Structures are given as C-alpha cells and as structure tokens.
Amino acid sequence: MLDHSGRRPVITLRGIAWLLVGILIVAAVVWSYRDVLEMIQRQEDRLELLGNQLKRKVRAREQRVEDTKRLDPELAVAKAVLRRLALPWEEVFTALEQATLAHRDRIRVLSVQPDVDKGVVMINGESEDFEVLMDYLKQIEKSGVLTRVRLVNHQVQVDVAGRPIRFYAVGSWNTAS
C-alpha cells in the first residue's frame, strides 16, 4: 500500500546506519589527518636538525679555510726551512774542503752562500793563479755534489801583496744525489 500522507518516521534504521557510516568516515579522516600532521612535524624537525648540522659543518669548513689562509705564510716559511735543512750540507762542505786541500794554500774560500729557491751555491774566494782556480772549480764539479760549476766573475787584486785573484763562482745543487 501506498502512503500518500507524507508522514514518515523521522529516525529510521537506514538513517542511523548512514549516520554511523558517516561518523566512521569522519573519524578515519580525522585520524589520518592527525597522522599526516605528526609525520609533517617529524619531517620538519628532521629538516631543522639537518639544517643545523649543515650550518655547523659550513661554519667549521669556513673556519678551516680561514685558518689555512692565516697559516699559509707560516707554512711557506716552514717549508723553506725544511728545504734548507734537507740539502746535503756536509757533502758540499766536504767537496769544497777536499778541492781546497788539493791546492793547499793556493785557494782560500771566503764565503759559501746557498740560494735554496734557485738551487745554487755561490762561492767567493781567492786564488794565487788562474789555472789553479779553474782546476779547483773542475774538482768541485767532479765531486758530484754540485753541477754546472761556473766562474761568474774574477778580478786580480793589484793593491794586495801577491796579487791574488778574487773570484765568484756558482754551482747548481745536484738533485740526483
């Protein structure tokens, strides 16, 4: 039978069922929303932590770069000192001494000046004659400690008794030894 009166019960079992389904859906959405908010908060916290770590690392790296720039001149000086100390000083002095002894009192070494940056040794001295001087330089080169030993300048000292030859010679460090 058809009821045209329009009166229906306000609360039906079907309505209650749909209400419960709607409440469950809203509860599930609210629960998911809360989970998403917690996940977002965790990710933001992690991002902040990583950002702080990155900032610390950047500051530490900048500090190291600054320290390195500040220490570069000191490091260059230390390297220069090490290069000077690493040179075969004893061998050079032995070679000069033996070449001098071979000519007894006819050669006198006045100074030995190394130039580590250029890799040379400058020798100033006096000789009684030119042949002795040239032989002296050949003997230094034969020692193998210095190579390309060359007479750079020489001058006869006319105002000094015995008229010695004042000389200036240069030899390169032998880096192979």
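Throughout, read-outs are computed from the coordinates displayed, never taken from laboratory work. All of these numbers come straight from a predicted model, not from anything done at the bench. Don't worry about glycine lacking a Cβ; one is built from the backbone with ideal geometry, like all the others, and counts go over all protein chains shown.
Please check which bits of segment 135-149 a label hung off Ser172 would reach, taking the label as a point 7 Å along Cα-to-C-beta and the cut-off as backbone N under 13 Å.
Hits in segment 135-149 for Ser172 at 13 Å: 146-149.
Tell me which of Gln155, Trp173, Asn124 sits at the most positive position along the dipole axis of segment 88-173, charges placed on C-beta atoms (Lys, Arg +1; Asp, Glu -1).
The residue sitting most towards the positive pole is Gln155.
With an 8 Å Cα cut-off and a minimum separation of 6 or more residues, compute the relative contact order for segment 88-173 in percent.
Reported as a whole number, the value is 29 percent.
From the helices alone, meaning DSSP H stretches of at least four residues, give me the mean residue ellipticity at 222 nm for the chain, per-run term -39500 (n - 2.57), in deg cm²/dmol to the nearest 500.
-21000 deg cm²/dmol
Given the options Ala27, Ala17, Thr68, identify the residue whose Cα lies farthest towards the positive end of the charge dipole of the chain (+1 on Cβ of Lys, Arg; -1 on Cβ of Asp, Glu).
The listed residue farthest towards the positive side: Ala17.
Contour minus end-to-end for Asp117 and Lys57, with contour as 0.36 nm per residue of separation and end-to-end as the Cα-Cα distance?
Once the chain is fully extended between Asp117 and Lys57, it gains 17.8 nm.
Once you've got the Cα coordinates, tell me which of Lys79/Lys138; Lys55/Lys79; Lys79/Lys118 are over 26 Å apart. Please list the in-between numbers first.
Numbers: Lys79/Lys138 32 Å; Lys55/Lys79 34 Å; Lys79/Lys118 15 Å.
Where the Cα-Cα span goes over 26 Å, the pairs concerned are Lys79/Lys138; Lys55/Lys79.
With 10 angstrom as the radius, rank Phe167, Phe130 by how many other C-beta atoms surround their C-beta, starting from the fewest.
Phe130, Phe167
Which of these values of Kirkwood radius over Cα pairs in Å was calculated from the structure shown: [x] 16.7; [y] 24.8; [z] 19.0?
[y]
Normalised by the number of residues in the chain, what is the relative contact order in percent for Cα pairs under 8 Å and 6+ residues apart?
Values: 156 pairs, mean separation 25.6, N = 177.
Answer for the chain is 14 percent.
To the nearest 20 debye, what charge dipole does the chain have about its Cα centre, counting +1 at the Cβ of each Lys and Arg and -1 at the Cβ of each Asp and Glu?
It comes to approximately 1200 debye.
Just rank Thr68, Thr147, Thr94, fewest to most, by other beta-carbon atoms within 10 angstrom.
Thr68, Thr94, Thr147
Relative to the Cα centre, what is the charge dipole magnitude of segment 88-173, using +1 at the beta carbon of each Lys and Arg, -1 at the beta carbon of each Asp and Glu, and rounding to the nearest 20 debye?
On the way: 10 positive and 13 negative charges, 36 e Å.
With only Lys, Arg, Asp and Glu charged at Cβ, the dipole is about 180 debye.
Calculate, in nm to one decimal, what Asp45 and Ser32 gain on full extension: separation in residues at 0.36 nm each, minus their alpha carbon distance.
2.7 nm
Can you tell me, using C-alpha contacts under 8 Å and at least 6 residues apart, the relative contact order of segment 62-131 as a whole percent?
The normalised contact order for segment 62-131 reaches 21 percent.
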